[in-house]
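What follows is calculated from the coordinates using simple rules that are stated; it is not laboratory data. Keep in mind that what you see is a predicted model, and the values were worked out from it rather than measured. Note that we place each Cβ from the backbone using ideal geometry, even for glycine, and neighbour counts take in every protein chain shown.
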């Protein structure tokens, strides 16, 4: 029979902490993207009922919040690869090393969640602009793309420690 301390050490092993980081990066950024894309989809549907010819412009705006989920997924795959679970020999990570990966995943996990939703709101407002003034669609895309900048910064902050990690 294992003691409580031994059970905690098994649960909070280095590999499990690293996998938790990968899961958070993919899940939280994915939730932000799904919510953002959904917000824009609702606005797009209303516009397209009135004028289906604006589908291309609506699709571009709707796709923008989806990138945060991609960033989270890339981060998760890099962590999983770095710890040796995608072929090769899995690393025996210390708890501190696992916590390192968990912490490295948090910028894209948190910023991906928040910015995906924020970008969806901005893009939904852009749909309103496009519905009234289709020639102004580049302004709507630019406004939504500005939110993307912070997701890219978070991605870089997450990826640099992961890529520079030496076992």
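Points to keep in mind about this one:
- Using the Cα coordinates of the stretch 113-153, the gyration tensor eigenvalues translate into equivalent-ellipsoid semi-axes of 21, 10, 4 Å, sorted from longest to shortest.
- Going by neighbour counts of Cβ atoms within 10 Å, the residues 82, 139 line up, fewest first, as 139, 82.
- Maximal additional length on extending the residue 50-residue 167 stretch stands at 36.3 nm, based on 0.36 nm per residue less the C-alpha distance.
- Taking 15, 49, 97 as the candidate residues, the one with maximal mean-square fluctuation in a Gaussian network model of the chain, Cα springs under 10 Å, is 49.
- Relative contact order of the chain: 35 percent, from C-alpha pairs under 8 Å at least 6 residues apart in sequence.
- Ratio of Rg to Rh for the chain: 1.16 [Cα atoms; Kirkwood radius as inverse mean 1/r over pairs].
- Near-label residues of the stretch 132-167 by backbone N, under 20 Å of a point 7 Å along Cα→Cβ of residue 89: 165-167
- Sorted by Cβ neighbour density within 10 Å, fewest at the top, the residues 6, 148, 42: 6, 42, 148
- Proportion of all alpha-carbon pairs of the stretch 23-95 beyond 22 Å (%): 44
- Residue order, fewest to most surrounding Cβ atoms within 10 angstrom, among 57, 35, 166: 166, 35, 57
- Normalising the average separation of contacting C-alpha pairs (under 8 angstrom, six or more residues apart) by the number of residues puts the relative contact order of the stretch 105-156 at 49 percent.
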